[in-house]
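Accompanying notes for the structure given below.
The values are calculated or read from the model by the stated rules, or taken from the named source; none is laboratory data. Source: prediction; values computed, not measured. Note: ideal-geometry Cβ built from the backbone for every residue, glycine included; neighbour counts use all protein chains shown. Accessible surface areas use protein heavy atoms only, side chains included; no ligands, DNA or RNA. Shrake-Rupley method; radii C 1.70, N 1.55, O 1.52, S 1.80 Å.
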2 protein chains.
Amino acid sequence: MSMVVDRRDLDFVLFELLEVEKLVEHSRFATYDRATIGQMLDAAQQIAEERFLPIAAELDADEPVFRDGKVVMPASAGAALQAYAEAGFFALPFAEDIGGLGAPWFLNTAVVGMFSTANVALTNYAFLTIAAANLLDTFGSGALKSVFLPPMLAGRWFGTMCLSETQAGSSLGDIRTIATPRADGLYAIKGSKMWISGGEHELSENIVHMVLAKIPGGPPGTKGISLFVVPKRKVGEDGSVGGANNVALAGLNHKMGQRACTNCLLNFGEAGECVGYLVGEPHRGIEYMFHMMNEARIAVGHAAAMTALAGYLYSANYARTRTQGRSLEQKNPASPQVPIIQHADVRRMLLAQKAAVEGAQALCLYCATLVDELAVSTDERRSDELAGLLGLLTPVVKSWPSEHCLEANKWAIQILGGYGYTRDYPVERLYRDNRLNHIHEGTFGIQGLDLVGRKVLRDKGEALFRFVEQMRQTAAEAARIAGLEEEARVLSVSLDALQAATRALIRSADFARQLANATVYLDAFGHVVIGWIWLRQAIVAARALVDNGGSEVDRAFYDGKLVTCRYFARHEMPLAQARLALCGSLDDSCLAAPVEMFGG
Amino acid sequence: MSMVVDRRDLDFVLFELLEVEKLVEHSRFATYDRATIGQMLDAAQQIAEERFLPIAAELDADEPVFRDGKVVMPASAGAALQAYAEAGFFALPFAEDIGGLGAPWFLNTAVVGMFSTANVALTNYAFLTIAAANLLDTFGSGALKSVFLPPMLAGRWFGTMCLSETQAGSSLGDIRTIATPRADGLYAIKGSKMWISGGEHELSENIVHMVLAKIPGGPPGTKGISLFVVPKRKVGEDGSVGGANNVALAGLNHKMGQRACTNCLLNFGEAGECVGYLVGEPHRGIEYMFHMMNEARIAVGHAAAMTALAGYLYSANYARTRTQGRSLEQKNPASPQVPIIQHADVRRMLLAQKAAVEGAQALCLYCATLVDELAVSTDERRSDELAGLLGLLTPVVKSWPSEHCLEANKWAIQILGGYGYTRDYPVERLYRDNRLNHIHEGTFGIQGLDLVGRKVLRDKGEALFRFVEQMRQTAAEAARIAGLEEEARVLSVSLDALQAATRALIRSADFARQLANATVYLDAFGHVVIGWIWLRQAIVAARALVDNGGSEVDRAFYDGKLVTCRYFARHEMPLAQARLALCGSLDDSCLAAPVEMFGG
């Protein structure tokens, strides 16, 4: 079995649950059908298994170091990314007229997902390049695009996102990097950027930094931030690569996990002029960045889910083969030991992982199809609805996997016991890798503020209540299916709790109390959404079992969906209900906690 | 402020909550009073701060390696343990007639706790030595004790516990190490032991392994296991250290955390005869080991709590000094940033940590006082009750901190953001260190089976229901205190849920279903117990505020106890109620999950 994907489950989500064959009927995706999607997934799976997975432990143990002015890391890293490039995956989601493969975003997500499962740290270089190219493609001038996009889509130049500074992480309005206009229309960039993933390395011919900076004289705060393309090496109008552009590596951060991906403190313009190209209009940098935020945050949540998938696949395989202990009925201590998957508590830990991983994956891919639907929508009202739904789900899809798929990685370690705690097995690395996802692309707390402040309060819950109705339709549908009545009821009750909590939040006039409940609300809302997508999976599975028993393997697969939906409804949904009740009370225990009680 | 202890809180727990001054009035502890306890804590704090804390990061980065037949690690490790020995702490909990300092177990726990907060991996060497000496002291012959105990109590010889083998971790009955009787009454030990913490090193003159092995011809399973003392170097009757005893290091395990403590695969008797001394009677090894289990498991839970305390102290300090963002009212982006502790969600993460850490510490120290009370009790009925309560709480005190104080360490990282994810700050190491505690000394699942199988079902809930009555008295007491009515009500409702779930479990005749709910039941029971001990803390704090306003600092401290009790009652107790309802339904979703659904 593969350790980078459960293809049966991925196919189920894409073709049975999300029915992407209908989506790719759109002319935009004319070259894609079930067969070509399958071929693309096959190709990705093969490269992920053969080139990315085998070097994950090595790149973790032998992390990049800064030596003689260069970042040094094992050569296998560059070779693996080269294979990714040669397969055309850097070009996958881009339009054909700019040299892309015109794939829908969900397919890019699924492809990147296999690489993330195999080796999430290495995959970051590719993901960041695609994200940078996407930003440039959307907001850059024709001249900028013609120079920068072709080598990025070919995987010859990599990209980064340079937002944070040491004094400005969550608080982007406080950045200090300056972009001074030059006579030739370009800008001189000066300042330091922190936490830059892929900020320096020798893996590509050039690095294209997408840099947020302030043009002197602009408005204060986030409204005075502009976006620039700043290459590591100077670039001629013909796309030729020249000398250094004075982007200096000031230091590598030594991370707990995701070590194969360099994380850098970069100094721009310290030793000489550093040239930047303005993207779009001045002072609109934050707006541009946020425009790409949905995709970026889906990607982070998806990476969290895929890191947990790796742990789930590995620990399930281990549980089938590792023998320890005996069944409860077996009283003879001399009888052979049984595979630990026979123990109910080991299956509990597998169910917890499966529920988190497959729930999160389904949600991430669902959101990716919303990106595609929005991209091809021509109906303004439908576009507004899609944008509203995507905006609402973005903090969930970013945060829920970061929280609960990390928890899944914890259980993967637990199933391996002492072995799982050693670096001879991958599960401890996966746990370390996954811990990052709650921090980058906006922390858990920031996502909560986004959800409650921007997505729920601002439209008085309109998008949320519309989505609740959509989820209620699923509950109503499930209520009519034999065997799903109880799970349907649990979703309905949870939706009642969600609505009540949301109404209470909206009714309150106390902004501080509203926001003080934001993170708990986000987490509980996420649970309800995951419970909903599990019920959708269960409906599809139940129908498949009725329509067509299929092979024994297929029946086990669909049964697994029903069992996991039931598990989530029983074990997890009541926790969401409890948390929603808390939010509905406009709890002030954190808000009112005096600073002095924490010592100092 | 100290980063190894919150002395105000420790003093509160010992003297105000647990009233240990009454306990040490017993003649057994005649040399201890509040002043001498304080001096001992002062001495421990100083050595922990000066010798253990500063080298924690170094020992993690520069982990022990096996080179030229020896384990090599930084010299600072040995020097720190030497300081621990010179202060007399190896001898602390032992009776004065064998060279100990006669301290109560709670004091030993508090002392070890400061070292665990500073450097849990290094402290393991001391803790394991004390545990091995304790075992020998309780069950060894006078001759064995006279040879082995003096150097162990002096910290010149260290100790280990050798239970697991590669094929037998949780399933101890399946060990294969053999002890063959020799003509001289000693035994020849042959076999391999896995996961042996402190199994090999050059930190002490000798290593005293406490080894479980089977004497040929004995009964199968756990009933045929005996306990042996097996020294690394041969020992003369006069206590002199001779040549090697054929205990060979076959390999060091490379752990995710707790790296300063070697973890070994040891081969006994591979290259020549390895001599062991039988402890007590043959075939009673498991019984002896389990006799010491309460203390050992309290120690693991306490180590988990202390590792989280380290993260809490560090992140609280960080939150007071790191500036980022502005208050909700401040609309001017040019105004100065505020310390992040001003943000409600940061205080939520601090409250979550404080609730877990101080709740767990109070419970661990409470259980340690039960060990002391049991040791001095002369009333058989009271002893039975104490033993029942301690047995009931042991799986809780081991597991709850392993789960929820690990979670606390997760929030400590989150407060530091990207910085917290780097090895330049201690919080990621603490998270890695703490992940071990759910695995060793019996996994989470094993603790659940112990609680439900042995401690609840076997006596039909007698000990549990007696403890519920004790907790109800706390609720009744709190209900009469202004400001605690709601928290008292929450505990009462939770106790109702606990009783109902327990009755349902007991009523069921289905052993498989009973045990399939064991881990969830354990976790929920733990929550109720922690909620109870928080209410006890709140009662003491509320009275202190009424009786005596104290200084402003004191008022902030007591207010903090009230706020945290409220936080736990509101945010956490409803989760326990939901989980107890699940257990009460004799949920079979994990038990019934078919093995095939997990692929393969």
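Quick notes on this structure:
- Of the residues making up the range B:507-523, those that are open to solvent by less than 10 Å² (accessible area, probe 1.4 Å) and hydrophobic (A, V, I, L, M, F, W, C) are B:518, B:522.
- Against the test of being within 17 Å of residue B:580 (Cα to Cα), more than 24 Å from the chain's Cα centre (by Cα) and surrounded by fewer than 21 Cβ atoms within 10 Å (Cβ to Cβ), the options B:466, B:503 yield a single qualifying residue, B:503.
- Hey, residue A:298 within 14 Å of chain B (Cβ to nearest Cβ), out of contact with any Asp or Glu (no Cβ under 7 Å at 6 or more places or on another chain) and in a helix (DSSP H, G or I) or not: no
- Summed over the range B:162-189, the residues that are outside any strand (DSSP E or B) and within 21 Å of residue B:449 (Cβ to Cβ) give a count of 10.
- For the range B:188-202, filtered to residues that are farther than 10 Å from residue B:268 by Cβ and buried (at least 21 other Cβ atoms within 10 Å of the Cβ), the residue that is nearest to the other protein chains (Cβ to nearest Cβ) is B:195.
- Count of the range B:252-271 residues which are on the phi > 0 side of the Ramachandran plot and over 22 Å from the mean Cα position of the chain (by Cα): 1
- Checking each residue in the range B:511-538 for being more than 11 Å from every other protein chain (Cβ to nearest Cβ) and farther than 16 Å from residue B:455 by Cβ picks out B:527, B:530, B:531, B:532, B:533, B:534, B:535, B:536, B:537, B:538.
- Test set (1) of a type in the set (Ser, Thr, Tyr); (2) touching a strand residue (DSSP E or B) at 6+ places or on another chain (Cβ under 8 Å); (3) open to solvent by 20 Å² or more (accessible area, probe 1.4 Å) - residue A:443 fails condition number: (2)
- Qualifying positions in the range B:491-500 - open to solvent by less than 20 Å² (accessible area, probe 1.4 Å) and not small (Gly, Ala, Ser): B:491, B:495, B:498
- Per this entry, residue A:5 is not counted among residues that are in a strand (DSSP E or B), crowded, with 16+ Cβ neighbours inside 10 Å and on the phi < 0 side of the Ramachandran plot.
- Of the helices (runs of 4 or more DSSP H) lying entirely inside the range A:412-492, those containing at least 2 residues that are within 11 Å of chain B (Cβ to nearest Cβ) span A:427-434, A:444-449.
- Residue check for residue A:61: open to solvent by 30 Å² or more (accessible area, probe 1.4 Å) and more than 22 Å from residue A:148 (Cα to Cα): yes
- Residue within the range A:286-296 that is under 26 Å from residue A:421 (Cβ atoms), under 30 Å from the mean Cα position of the chain (by Cα) and open to solvent by 20 Å² or more (accessible area, probe 1.4 Å) present: no
- Residue within the range B:569-579 that is among the charged types (D, E, K, R), under 30 Å from residue A:600 (Cα atoms) and touching a Ser or Thr at 6+ places or on another chain (Cβ under 6 Å) present: yes
One line per residue, one yes/no per condition, for (1) open to solvent by less than 20 Å² (accessible area, probe 1.4 Å); (2) in contact with a Pro (Cβ under 6 Å, 6 or more places away or on another chain); (3) farther than 29 Å from residue B:535 by Cβ; (4) not in a helix (DSSP H, G or I):
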{"site": "B:16", "(1), (2), (3), (4)": "no, no, no, no"}
{"site": "B:28", "(1), (2), (3), (4)": "no, no, yes, no"}
{"site": "B:31", "(1), (2), (3), (4)": "no, no, yes, yes"}
{"site": "B:42", "(1), (2), (3), (4)": "no, no, yes, no"}
{"site": "B:48", "(1), (2), (3), (4)": "yes, no, yes, no"}
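- Of the residues in the range B:203-220, at least one is in contact with a helix residue (DSSP H, G or I) (Cβ under 8 Å, 6 or more places away or on another chain), surrounded by fewer than 17 Cβ atoms within 10 Å (Cβ to Cβ) and within 14 Å of another protein chain (Cβ to nearest Cβ).
- Boolean, residue B:65 is within 14 Å of chain A (Cβ to nearest Cβ), touching a Ser or Thr at 6+ places or on another chain (Cβ under 6 Å) and modelled with pLDDT of 95 or more: no
- Taking the range A:306-327 as the range and being of a type in the set (Lys, Arg) and facing chain B (nearest Cβ under 9 Å) as the test, the residues that pass are A:320, A:326.
- Output for the range A:328-351, where each listed residue is more than 9 Å from chain B (Cβ to nearest Cβ) and open to solvent by 40 Å² or more (accessible area, probe 1.4 Å): A:330, A:331, A:336
- Members of the range B:252-285 found to be open to solvent by less than 20 Å² (accessible area, probe 1.4 Å) and small (Gly, Ala, Ser), listed by number: B:257, B:260, B:269, B:276, B:285
- With respect to (1) more than 13 Å from chain A (Cβ to nearest Cβ); (2) open to solvent by 10 Å² or more (accessible area, probe 1.4 Å), the lone exception for residue B:173 is condition (1).
- Residue within the range B:589-599 that is closer than 30 Å to residue B:8 by Cβ, within 9 Å of chain A (Cβ to nearest Cβ) and either open to solvent by less than 50 Å² (accessible area, probe 1.4 Å) or hydrophobic (A, V, I, L, M, F, W, C) (or both) present: no
Conditions (1) open to solvent by 20 Å² or more (accessible area, probe 1.4 Å); (2) of a type outside the set (Ser, Thr, Tyr); (3) modelled with pLDDT under 95, marked per residue:
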position: A:525; (1), (2), (3): no, yes, no
position: A:548; (1), (2), (3): yes, yes, yes
position: A:553; (1), (2), (3): yes, yes, yes
position: A:558; (1), (2), (3): no, no, no
position: A:565; (1), (2), (3): no, yes, no
position: A:569; (1), (2), (3): no, yes, no
position: A:576; (1), (2), (3): no, yes, no
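- Here the condition is being surrounded by fewer than 21 Cβ atoms within 10 Å (Cβ to Cβ) and closer than 18 Å to residue B:519 by Cβ; of B:457, B:451, it holds for B:457 alone.
- The listed residues are B:229, B:235, and the only one of them that is away from chain A (no Cβ under 14 Å) and in contact with a Leu (Cβ under 7 Å, 6 or more places away or on another chain) turns out to be B:229.
- Residue in the range B:144-153 that is open to solvent by 10 Å² or more (accessible area, probe 1.4 Å) and assigned to a loop (DSSP other than H, G, I, E, B) present: no
- Odd one out for residue A:384, checked against (1) in a helix (DSSP H, G or I); (2) open to solvent by less than 50 Å² (accessible area, probe 1.4 Å); (3) not hydrophobic (A, V, I, L, M, F, W, C): (2)
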